[in-house]
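Every read-out reported here was derived from the displayed coordinates using simple, explicitly stated rules and does not represent laboratory data. Here the structure is a predicted model, which is why all the values come from computation and not from measurement. So basically every Cβ, Gly included, is an ideal-geometry build from the backbone, and we count neighbours across all protein chains shown.
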Amino acid sequence: MEVLLSSGKRNTRKRIVVVIASLFFGILLFWTLFSNMLIGLTLPRVVTEAPTPGSLDVNFQGTSSLRPVLEVELFNHSGEKPTEILAREGDVVQKGQLLVRYDRTAKEQQLELEQNALQKLKLGSKQLQDDYKLAARGEDVAAIEAARNALESLKLDLSAQEKRIQMLQTELTDRTELRAPFAGRVTSVLAIENIPSNGADIRLLDTERGMQFDIRIPADMAAEWMEGDAIKVRTLGKESRLVEGRITKMEADSGNESNMPEESAAMNIPASEERQAAKEMVQVQIRITDKSLRAGNRVQVELTQSAGGDTLILSRKAVHQDRNGFYVFAVQSRPGPLGNQFYVSKNYVTVIGEDDQSTAIAQEFWLEETEIIVESSEPLEDGQRVRY
């Protein structure tokens, strides 16, 4: 009987120990799971996408305003007032065509005075010649020499006076008329009749040289062009049409200096804004010889580039940039005590092309099933644990 009682007590104690142990491990498991859940809730939440193979057509549109290749200001330096303005704004003129006439009164009066002075000198010349002939008949050497010197001096005065008259005659033409130095179009008439001007009277555009404009083009697109290449340009306005332009200059844009951060931990900043200023651009100058175009007309250049081959397509906001280049954040799975855990992996990529929505990257070592982080609830760093 005592043996049975002692055996029952031992069994009861065993059950109690088992129950207590089960409760302990159950509570331990509960708190472990609960703490992991709490930790998981504090992790950054990410949204991912898988890159897809394909090609991307990148479109570029840039607008600018036309300006003359050569536009000159024409002056009249005589200071005389305009008496007749023959040119009108918009007129097409030929080289040498008369544009403005100026007051000739003062120049004509001065020329008349100089011509009268020349006549007086010529009258004096006849008298000196007679004096020289008379002196030459005698034997007075001093008188002969004096008469000869007087005659030679008068000849010099006559020559100088004739040159002075020629200069006045040239000025009478050049400084009382304003003519077109080349064929072109009058863009502005600044002269006012009967009012002297201290500045330009006419602005003249060289129509043979045409118009030009500058535009900034992405460097990867500009690499397909060279100076001298023809390029299609669209005029904007009511009568939009395509005209042919020609590239006259290409140079690296001085505004390419970037203000990128050393390290980008900015998943909460849109990728398009993050590298907008960092995109390498090329300044391109294009000339158009279409004579119907005017300064100030708006024009547009449209370019398309296909990024194909072994490329993967991602959302543009998934690709970021720092001073070392372009990169993406991928999700990397690692085994944990309670299942797989997910960590951020920063990977540099080669960008082939991009538009406003998508970016094409070189396939390289990427697999289609790789998950790329597109959005994050907070900034991320390489190796950081996340949830999704």
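What is the order of Y343, Y102, fewest Cβ neighbours within 10 Å to most? Mind dumping the intermediate values first?
Working: Y343 14, Y102 23.
Ascending Cβ contact count within 10 Å gives the list Y343, Y102.
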**Study point:** Burial ranking of peptide ranges 12-24, 152-164, 185-197, 210-222 (average Cβ count within 10 Å, highest at the top)
**Key:** 210-222, 185-197, 152-164, 12-24
Practice item. In nm, give the distance between the simple-model label positions of K238 and D310, each being 7 Å from the Cα along the Cα-to-Cβ direction. Key: 5.6
Review point. When only Cα pairs under 8 Å and 6 or more residues apart are kept, what is the percent relative contact order across segment 72-204?
Key: 51
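Mind counting lysine pairs for me in segment 72-204? Cα separation below 14 Å, and the two need to be 8 or more apart along the chain or on different chains.
Qualifying lysine pairs in segment 72-204: 5.
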Exercise for review: Using Cα centres only, tell me the gap between segment 40-105 and segment 321-360 in whole Å.
Suggested key: 44
**Study point:** Simple spin-label estimate for K81 and T52 in nanometres, 7 Å along Cα-Cβ
**Key:** 7.9
Check your understanding: Going down the list K232/K317; K232/K291; K249/K291, which pairs span over 23 Å between their C-alpha atoms?
Key -> K232/K317
Check your understanding: Give me the Kirkwood hydrodynamic radius of segment 72-204 in Å, from all C-alpha pairs, to one decimal place?
Key -> 18.0
